[in-house]
Amino acid sequence: MNTILFWSLILIGFGLFVYFIPYRNIKIIQKLQKESLQRLDTIIELLNKKN
């Protein structure tokens, strides 16, 4: 019984680790992409005004 409980806790802990750590990193990456796209839009607008 202790072995089943032990491995169950390991699986639950690993599942939580895999869920939360990459999820947080994905949110940071999405924020950076959004900021980059806003800067790119600004650059494109400035280039269009120049022409």
Sole exception among (1) within 27 Å of the chain's Cα centre (by Cα); (2) loosely packed, with under 10 Cβ neighbours inside 10 Å for Lys50, by number: (1)
Suppose the filter is assigned to a helix (DSSP H, G or I), exposed (fewer than 10 other Cβ atoms within 10 Å of the Cβ) and among the β-branched types (Val, Ile, Thr); does Ile4 pass it? yes
If you check every pair at least six apart or on different chains, which have Cβ atoms under 9 Å apart with a residue in segment 29-41 that is free of Cβ contacts under 8 Å to residues at least 60 places away in the same chain first and a residue that is in a helix (DSSP H, G or I) and surrounded by 10 or more Cβ atoms within 10 Å (Cβ to Cβ) second? none
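Quick grid of which residues meet (1) at pLDDT below 90; (2) of a type in the set (Lys, Arg):
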site	(1), (2)
Met1	yes, no
Trp7	no, no
Ile10	no, no
Ile21	yes, no
Lys27	yes, yes
Lys34	no, yes
Gln38	no, no
Lys49	yes, yes
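The values are calculated or read from the model by the stated rules, or taken from the named source; none is laboratory data. Predicted, not measured: the structure shown is a model, and the values here were computed from it. FYI the Cβ positions are ideal-geometry reconstructions off the backbone, even for glycines, and counts take in every protein chain you see.
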